[in-house]
Amino acid sequence: MERLDFNDNPNIGVYCSANDSTIFIPPLLPKKIVKKIKNALEVTPVPLSIAKATIIGSLMVMNSKGVMITEFADSNTIAMIEQQQLKVEKIYEVINAAGNDILVNDHAALVHPQLQQKTIKAIEQTMDVPVTTGTIAGLPTVGMAAVVTNKGCLCHPKVTEEEKHLLEDVFDCEVMIGTVNHGFPMIGSGLVANSKGAIIGDQTTGIEMGRIEEALGFFD
């Protein structure tokens, strides 16, 4: 696990997206930061921008099979993603910030309850997972309210018991609550993780780090 910031910004989850083999990162990150990311997650870093924006973690989401991405992504961006042997599908609706609205691992997805049925079907086909709609702490932006890997899930501390049971049923793993960056509840904004490791915003406390390690199974 590695604590980082991107140009003094600890909200690193907004700026990158990872699975167990690849992480898409903003262009022009310092080499020492890229090296830390590569070592912490044991992945290949791929610089990427989406519609000239660097908020990759908000505009796309990925698992080992595929990527859902905002409709504003151009053909060059799509081609760069496909070079990593990933299927790519755009979201063609008002709710299209995929990273904010889709929580997914290699086994299942929980998504914004107002996503259209055609988008849900596209997620199922592209990412090869069953899809459930729901909220976390009453928030429809489930991709920012939690982080899930193939080993565990850490979510917003105000998750209800009903929502927590749904998360456990959907992802078939233990769900724990926590925060990042010294008490911020939107886990996905400050944490990027896969089955092998994590990077977190540099304002995250030692207690928060311990919670992340426990929730995502890094004590094994």
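The values are calculated or read from the model by the stated rules, or taken from the named source; none is laboratory data. It should be emphasised that the depicted structure is a prediction, and the values quoted were computed from it without experimental measurement. Note that we place each Cβ from the backbone using ideal geometry, even for glycine, and neighbour counts take in every protein chain shown.
Side notes on the structure shown:
- Number of positions in the stretch 145-179 that are touching a Leu at 6+ places or on another chain (Cβ under 9 Å) and in contact (Cβ under 8 Å) with a residue 60 or more places away in the chain: 8
- Among residues that are modelled with pLDDT under 95 and surrounded by fewer than 15 Cβ atoms within 10 Å (Cβ to Cβ), K35 is not included.
- Residue in the stretch 107-127 that is under 21 Å from I200 (Cα atoms), at pLDDT 95 or above and aliphatic (A, V, I, L, M) present: no
- Check on D172, within 19 Å of I136 (Cβ to Cβ) and either modelled with pLDDT under 95 or among the acidic types (D, E) (or both): yes
- For the stretch 131-139, the condition holds for no residue, the condition being that it is in contact with a Gly (Cβ under 9 Å, 6 or more places away or on another chain) and either among the aromatic types (F, W, Y) or surrounded by fewer than 20 Cβ atoms within 10 Å (Cβ to Cβ) (or both).
- Which listed residue, of T70, T22, T44, is loosely packed, with under 15 Cβ neighbours inside 10 Å and either within 19 Å of M186 (Cα to Cα) or in contact (Cβ under 8 Å) with a residue 24 or more places away in the chain (or both): T44
- Filtered residues of the stretch 142-169 (kept if under 16 Å from the mean Cα position of the chain (by Cα), over 13 Å from I212 (Cα atoms) and buried (at least 23 other Cβ atoms within 10 Å of the Cβ)): V142, G143, M144, A145, L167
- Residue within the stretch 40-51 that is modelled with pLDDT under 95, touching a Phe, Trp or Tyr at 6+ places or on another chain (Cβ under 8 Å) and part of a loop (DSSP other than H, G, I, E, B) present: yes
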